[in-house]
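First comes the structure, then the notes that go with it.
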Amino acid sequence: MKNLKYIILSVFACLSLSSCDLLLPGSIVNPNVSDDTFLESDNAMQAWVNGANRSFAVAVGNYCMLMEILSDNYFNNYSRSSQVFDIPRILYTDTDVADLQRYVGMLRETADYGLGPVADADPATTQEDLFNLYYIKAFSFILGGEHFRGLPDTEGGEIRTWQEYLHTALEVLDRTLEYAGTDEEKAFVHTLKARVYYRLGDRENASAEAVVALGLSSDFVRQVEFDGDNAVNNPIQEAVWGTWFQPLPRLDFLDPKYFQLSATEQRPINIAKAEENYLILAEASLAAMDEAGAKDYMRQLLALVKSRPVQDGINDQLEGRFNGGFKHYPDSPEYKVAASAGEPFREGLVLDRRKPALISIPYISGTSVTDEMIDNASGIDGTLELLYLMRQEIFFAEGRRAADLGIRLPVCEVEAANNPSAAGYTDAVIPPFIPLNQGMDDFTMDEAAKEVTITYNMNRIIVENKSSECVAPFFG
C-alpha cells in the first residue's frame, strides 16, 4: 500500500497534517519502514492495533473538543482552539474542518490496512484484533455520518451523503459483530447500531437494537484510553480541566468531566454506554405518543445514572470561572439558574469552586433530572424537552450535542478544490433556529441576586422544531 509510510507515522507518532489531503503528503518519508519489513516483523498486528487505538483516541478527543464548543455545552473563553465554532461560523476553508475530515479518512484507512495486509501477513492475528479494527472502521463512518454533510469514502472517491455514510457504518458493524467475543462487546456494537438507526430516523430498527443491547448488558461502558506517561493526551482534557472552555451555567455541575488527579493522568472518553439505549427507547415512545412508556424508560435511565461513579475531592479552585477570559461565570452554589427567561430558577446546578472547597463530578453520566421532574413533565412536548435535557447532560463533554442540534460540517477546502463531486457540499448546515453571534452560550448574571438566566433554552428550541429534518430524528 503506497500510504504505509504515512499511516505508520500517523499511528505511532500521531502526526498532524496541515490540510485535508487525507493521506500522504509526499514530503513525509520513513526510510526505515517499508511494507515488507513491517509486515514481516514479529507481532505486526499487535503493533498495528496498538497504534490504531492511539490514533482513534486522539481523533475522538479532538472531535469531542471541537464539537463541544460548536454546541451550547461550552464556550471557548480563551485564545486557543477555534475562535469561530462558538458563533457558530463553519467555513470549508477552516483548518479545524480539514482536521476533522482528515481523522475520518485516517481511521478508515488505518483499519482497512490492518484488516487486509497486516491480518493476511500475521498468523498471530486474533479475533479481538479484528473486532478492534472493525469497530474503529465503523466509528469512522459514524463520525463522518453524524457530523458532515457528505464525504468521500475512498481516497479520491466521489462524495457520499451522510445517510450513505451511516448505512455503510451499519454494514461494518454487522461485520464487527462476527468478532465480538463477550456480551459487553456485543452490547457495545448493538448500541452503535441503535445510535446509527436513531440518526437515520429509523425508529423501529433503533428500538430493536436498543432492546437487544440492554438484554446483553444494562450497564456497560466502552471508552477510549489515553496514556499520559507516553504523551498520548486527551485533547479535551486540557481545555476543560484548564481555563479554556467554560460550561453553560446550567451544566456547571458536570464540569470538568476530564479532571486530573496526578501529573500525567489522562482521563478516558466514553464512546458508548447503556444509557443511550434508554434515551432512544424513551424518544421512540414519545414519537409513538406513548408518554407513560417514555417516562418508564426515563425512570430506568435515571436509576442507571444514579448508580454511576462519582469522583470526590477534586480541587478545581484554580478554575476561577474567569481568569482573564472573555466572560465571567458563576463559581458558587449560591447562584440559581433559569433555562431561559420566565422559567423557574433551579438550585444545585453551580458548584463551589472557591477555596477551600473541593468538588464531586460524575464521570460516566450525570443528570440534574429527578424522579419528581419526570412525574411532573406534562404532555409529549414537555416530556421530550426533559428527555433532551437528560440527553444533553448524560452525553456532556462527549462530543454528541452538535449532532443533536442538527449542525453539519462541509467538506474541506482541499477536497472541494480537487473533487468535482464536492461542489454541493462546501457550505455547512446550520439550522435556521440555531442562534448566531454566540447566542447559544449567552446568559445574564445578576451577581447581587445570585441569579443566572440562560438566553436560549436549546432543548425547548429542539422540541419546538421537532418536525424539522435537522433534529429529533423520530419526529421529522
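Just a few scattered comments:
- Candidates in segment 167-195 are the residues that are crowded, with 18+ Cβ neighbours inside 10 Å and basic (Lys, Arg); of these, the one that is farthest from Glu283 (Cα to Cα) is Lys186.
- Selection within segment 336-368 - under 23 Å from the mean Cα position of the chain (by Cα) and not in a loop (DSSP other than H, G, I, E, B): Ser360, Ile361, Pro362
- Residues in segment 148-166 that are over 13 Å from Tyr425 (Cβ atoms) and either surrounded by 21 or more Cβ atoms within 10 Å (Cβ to Cβ) or in contact with a helix residue (DSSP H, G or I) (Cβ under 6 Å, 6 or more places away or on another chain) (or both): Leu166 only.
- Residue count, segment 393-421 (criterion: touching a Lys or Arg at 6+ places or on another chain (Cβ under 6 Å) and outside any loop (DSSP other than H, G, I, E, B)): 1
- Test: residue in segment 338-348 that is among the charged types (D, E, K, R) and either in contact with a helix residue (DSSP H, G or I) (Cβ under 7 Å, 6 or more places away or on another chain) or surrounded by 21 or more Cβ atoms within 10 Å (Cβ to Cβ) (or both): no
Conditions (1) modelled with pLDDT under 95; (2) on the phi < 0 side of the Ramachandran plot; (3) touching a helix residue (DSSP H, G or I) at 6+ places or on another chain (Cβ under 6 Å), marked per residue:
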site: Leu251; (1), (2), (3): no, yes, no
site: Ile269; (1), (2), (3): no, yes, yes
site: Glu275; (1), (2), (3): no, yes, yes
site: Ile280; (1), (2), (3): no, yes, yes
site: Ala284; (1), (2), (3): no, yes, yes
site: Met289; (1), (2), (3): no, no, no
site: Ala294; (1), (2), (3): no, yes, yes
site: Arg308; (1), (2), (3): no, yes, no
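- If you go through segment 425-452 and keep only what is part of a helix (DSSP H, G or I) and either within 17 Å of Ala98 (Cα to Cα) or of a type in the set (Val, Ile, Thr) (or both), you end up with just Tyr425.
- The set of residues in segment 67-87 being closer than 14 Å to Ile236 by Cα, of a type in the set (Phe, Trp, Tyr) and assigned to a loop (DSSP other than H, G, I, E, B) consists of Tyr78 alone.
- Members of segment 428-459 found to be more than 23 Å from Ile394 (Cα to Cα), within 22 Å of the chain's Cα centre (by Cα) and among the charged types (D, E, K, R), listed by number: none
- Every residue from segment 145-168 that is hydrophobic (A, V, I, L, M, F, W, C) and not in a strand (DSSP E or B): Trp162, Leu166
- Among the residues of this structure, Asp255 counts as one that is within 23 Å of Ser368 (Cβ to Cβ) and surrounded by 19 or more Cβ atoms within 10 Å (Cβ to Cβ).
- Reported count of residues in segment 286-322, each being in a helix (DSSP H, G or I), touching a residue at least 60 places away in the same chain (Cβ under 8 Å) and under 26 Å from the mean Cα position of the chain (by Cα), is 11.
- Looking only at residues of segment 369-392 that are free of Cβ contacts under 8 Å to residues at least 60 places away in the same chain and either outside any helix (DSSP H, G or I) or of a type outside the set (D, E, K, R) (or both), we find that the one that is nearest to Asn270 (Cα to Cα) is Met373.
- Of the residues making up segment 176-185, at least one is closer than 28 Å to Glu265 by Cα and not polar (S, T, N, Q).
The values are calculated or read from the model by the stated rules, or taken from the named source; none is laboratory data. Keep in mind that what you see is a predicted model, and the values were worked out from it rather than measured. Neighbour counts run over all protein chains shown; Cβ positions are idealised from the backbone, glycine included.
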